[in-house]
1. Taking 0.36 nm per residue of sequence separation and subtracting the Cα-Cα distance, how much length would be gained by fully extending the chain between Thr90 and Lys217, in nm to one decimal?
2. Loop-only check: which trypsin sites (Lys or Arg not before Pro) in segment 177-266 are DSSP coil with at most 10 other Cβ within 10 angstrom?
3. Just how large is the dipole of segment 25-276 about the Cα centre, in debye to the nearest 20, putting +1 at every Lys and Arg Cβ and -1 at every Asp and Glu Cβ?
4. Ranked by Cβ crowding within 10 angstrom, fewest neighbours first, how are His206, His135, His240 ordered?
5. Express the relative contact order of segment 25-276 as a whole percentage, based on alpha carbon pairs under 8 Å and six or more residues apart in sequence.
6. Using Cα centres only, tell me the gap between segment 202-249 and segment 138-159 in whole Å.
7. Quick check: from the Cα gyration tensor, does segment 94-166 come out rounded (a/c under 1.5), prolate or oblate?
8. Please state the shape class of segment 132-196: rounded when a/c is under 1.5, otherwise prolate if a/b exceeds b/c and oblate if not, all from the C-alpha gyration tensor.
Amino acid sequence: MGRPKKSDAIQTEKAKHTEEDESGSKNQGHFFRSLTTTVATMFDYLDKNPDKLRLVNEMGFGALSHLPANNLDQQLLKEIYDRYDIRDNTIYSDAAAVKITTRKIGDALGLCAKGTTYETRVIRKKLSQEDQDVHKFFQGKSAVALAELMKTTPLDTEENRKLFMRAFILWIQKVFLLPTSTSSIVPNALTTIFDLETTSKRNWAHHVHEFLLQELKKAKENNAAAVHGCVYVLMIIYFHETQFGENSKEVEARPPWIAYWKGDTLKQRLKQERTHEAMMAKKAELKTKNPPMRVPPSKRGSGSGSEEYQPGADSEVTESNLAANEETKPDPEPEQEAE
């Protein structure tokens, strides 16, 4: 067999990174693409360029500056995804049943949730010549190219202002609102860059919701490894409703919800969710290891005689004894090398 080509090696390396989440750990079968760290980094740049930040705020995307500058918890997003039922658009758990709606997506991300919706694809023959030129210029651009365009475009002319605005609109969809595992811009995104006068008045929450529903349905039906769409917003809605309820009037519960779910608050909730999942997994493990056993007749009480005895059932699984259980496990025996 000949030596692999350099291009093949590059593709192999890319595939390897695709199988890992943003924190570098192996993905557990699913891959979610909402890049909160990338968005936070861009807003750091915009904070140093107030004129560009002002344009972003005027377009209605300013609330996204609250997104955390830390990696997504891929395993937790997978748990949220697994709990989501596409049939009634609801996240089910032992704590609650949380319905996902366009309004809640708007409240969670600080996006407009009313007004005219965007088309799902561009119909070129309906575009003016100017819009056709715009479509041709941006079609096929990657997130990296769009970010570079935003940073290198001065706001000295109206034409450049529009160039920056269009680049940002496509970029924020590519990396967060309508993310995919491919480098190309989805057709849904290209419909949003023509009429800049109405950008802040458009129903962006519906735009995000519609694409997310479409991609979740595809992933569930095809058991896809890469789950496209803003799955991150499902987590925020789930956290918020289980914390405050559906129609809370508390100050902390006001939109945008991502302004509350950040920093130590988000870290603490993530820790609680991980602990809860670990406890549930441990209970399931104990149930598997210790199936119900019939109580011998001599040891039965005065009941109906159908009682069952479950070894270890009286030892509650808690956060404190999870660590203790791990410490008391015997070290595994070294594997014998095959002869």
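Computed from the coordinates by the stated procedures, all read-outs in this text should not be read as laboratory data. Bear in mind the structure is a predicted one, so any value in this text is a computation, not a measurement. Methodologically, a virtual Cβ is constructed for each residue, glycine included, from the backbone with ideal geometry; neighbour enumeration extends over all protein chains shown.
1. Gain on stretching Thr90 to Lys217: 44.4 nm.
2. Numbers: sites: Lys201, Arg202, Lys217, Lys218, Lys220, Lys249, Lys262; in loops: Arg202, Lys249, Lys262.
Here the trypsin sites (Lys or Arg not before Pro) that fit, given the DSSP loop and packing criteria, are Lys249.
3. 380 debye
4. Details: His206 21, His135 16, His240 24.
If I rank by nearby Cβ atoms, fewest first, I get His135, His206, His240.
5. 30 percent
6. 28 Å
7. Prolate.
8. prolate
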